[in-house]
Amino acid sequence: MIILGIESSCDETGLALYDTSKGLLAHALHSQVALHAEYGGVVPELASRDHIRRTLPLLEHALQQAGITAGDIDAIAWTQGPGLAGALLVGAAIGCSLALALGKPVIPIHHLEAHLLSPLLSKNPPSFPFVALLVSGGHTQLMRVDGVGEYAILGETLDDAAGEAFDKSAKLLDLGYPGGPEISKLAESGNPATHKLPRPMLHSKDLNFSFSGLKTAVLTVVKNQGDNISAQSKADIARGFVDAMVDVLVAKSMAALKETGLRRLVVSGGVGANKQLRAALDAAAAKRRCRVFYPELEFCTDNGAMIAFAGAMRWQKYPDAAKRDYAFNVLPRWSLEEVCFR
Ligand code: KG4
Ligand code: ZN
């Protein structure tokens, strides 16, 4: 079975073809980072219009790369939510009309479920059950994952998501967008002893997070530096921020492993690409004789491959997931628990 995946929930247009017997056949991606950079964040209307321009050319590209035609596609998986309503509608409209024209079923996908399952696309996939740390621009959650569609939320952020805190703190430091990779790079030359920033909820005895206070701490330190903040000061603040963020994410992830008694931790979402986080998680897990799994770097941030793959997994396990109902709606706010089957 060949599944086409369409991702358009935010600022990346991703198209991919996944074959349930051969694996990933092709994937094509267009990032809108340059389009939104001058505004310092995603402009929803510009995002929607760009998805319209990019989707069909990327589909052509993916089909060529895979050496197949549209008629060979068996089902179309598309991101139904959560995300930006207008952006989601583009993928929904194109996916459903294409499926109607081809006479093939559609599989609406939860974007976070796709992130969650993306490490299974890697060469050494983890087996179930595992603890998942999902750290993206819009979400921060710890989950127990027993199988496809079997998710229990162990903890989540009470305010800002980890990626959001990275982006907002980077903005305070006048760095480019998206801020995660920029602040991470700058932190490498920062002094860890200069700013000891707060580790919110580190000792809260639950598995929840809160990052808005950390962002406010960055704001306070930046303000205290005055107008002519030096490059080294910025690096020191970046280091203070990354160290605090990493400490909290690592401590809560280890607590989740302890609480569930599981030995596998799977990290997904854009912040999962972070070098410092990966190094600290690997070290902490090794001490507890646990193992950490990550998606391939290119599948950490938004992409079509994870949507095609999630579609394939869902369809194989729950045949009813593929529908011939082409009247679509999108779900900009949508809890992962709503797609659980337990
Ligand atoms: O998963 P994703 O592509 O989109 C959402 O579904 O939100 O995650 C995007 C987020 C952004 O906040 C971005 O700054 C962050 O992931 N990010 C990183 C890194 N690469 C991307 N954060 C820290 N370090 C990175 N290397
Ligand atoms: Zn995402």
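From the list 206, 247, pick out the single residue that is surrounded by fewer than 20 Cβ atoms within 10 Å (Cβ to Cβ), touching a strand residue (DSSP E or B) at 6+ places or on another chain (Cβ under 7 Å) and not aliphatic (A, V, I, L, M).
206
Those residues that are in a helix (DSSP H, G or I), of a type in the set (A, V, I, L, M, F, W, C) and either open to solvent by less than 40 Å² (accessible area, probe 1.4 Å) or within 16 Å of ligand 2 (Cβ to nearest atom) (or both), I need them from segment 256-280; list them, please.
Correct list: 256, 257, 271, 273, 277, 280.
List pairs: first in segment 281-300 and of a type in the set (Ser, Thr, Tyr), second surrounded by 12 or more Cβ atoms within 10 Å (Cβ to Cβ) and assigned to a strand (DSSP E or B), Cβ under 6 Å, 6+ apart or cross-chain?
These pairs meet every condition: 294/267.
Is it true that some residue in segment 91-111 is closer than 19 Å to residue 302 by Cα, modelled with pLDDT of 95 or more, within 16 Å of ligand 1 (Cβ to nearest atom) and in a helix (DSSP H, G or I)?
For segment 91-111, residues closer than 19 Å to residue 302 by Cα, modelled with pLDDT of 95 or more, within 16 Å of ligand 1 (Cβ to nearest atom) and in a helix (DSSP H, G or I): present.
Run residue 244 past the list (1) out of contact with any Lys or Arg (no Cβ under 7 Å at 6 or more places or on another chain); (2) at pLDDT 95 or above and report the number of the one that doesn't hold.
Failed condition: (1).
In segment 189-203, which residues are under 16 Å from residue 230 (Cα atoms) and open to solvent by 30 Å² or more (accessible area, probe 1.4 Å)?
Listed by number, the residues that qualify are 189, 191, 194, 195.
Quick check, is residue 233 among the hydroxyl-bearing types (Ser, Thr, Tyr) and either touching an Asp or Glu at 6+ places or on another chain (Cβ under 7 Å) or open to solvent by 20 Å² or more (accessible area, probe 1.4 Å) (or both)? Lay out the reasoning, then the answer.
Details: among the hydroxyl-bearing types (Ser, Thr, Tyr): yes; either touching an Asp or Glu at 6+ places or on another chain (Cβ under 7 Å) or open to solvent by 20 Å² or more (accessible area, probe 1.4 Å) (or both): yes.
Yes: the conditions hold for residue 233.
In the list 94, 107, which residue meets the criterion of being surrounded by 24 or more Cβ atoms within 10 Å (Cβ to Cβ), assigned by TED's automatic domain parsing to the domain that holds residue 58 and among the β-branched types (Val, Ile, Thr)? Break it down into steps so the answer makes sense when it comes.
Working: 94 fails: surrounded by 24 or more Cβ atoms within 10 Å (Cβ to Cβ).
One residue alone meets the criteria, 107.
How about segment 153-173: which of its residues are more than 16 Å from ligand 2 (Cβ to nearest atom), touching a helix residue (DSSP H, G or I) at 6+ places or on another chain (Cβ under 8 Å) and open to solvent by 10 Å² or more (accessible area, probe 1.4 Å)?
Scanning segment 153-173 gives 153, 154, 159, 168, 171, 172.
The values are calculated or read from the model by the stated rules, or taken from the named source; none is laboratory data. Owing to the predicted nature of the structure, the values given are computational and were not obtained by experimental measurement. Neighbour counts run over all protein chains shown; Cβ positions are idealised from the backbone, glycine included. SASA here: full protein model, heavy atoms, side chains in, ligands and nucleic acids out. Shrake-Rupley method; radii C 1.70, N 1.55, O 1.52, S 1.80 Å.
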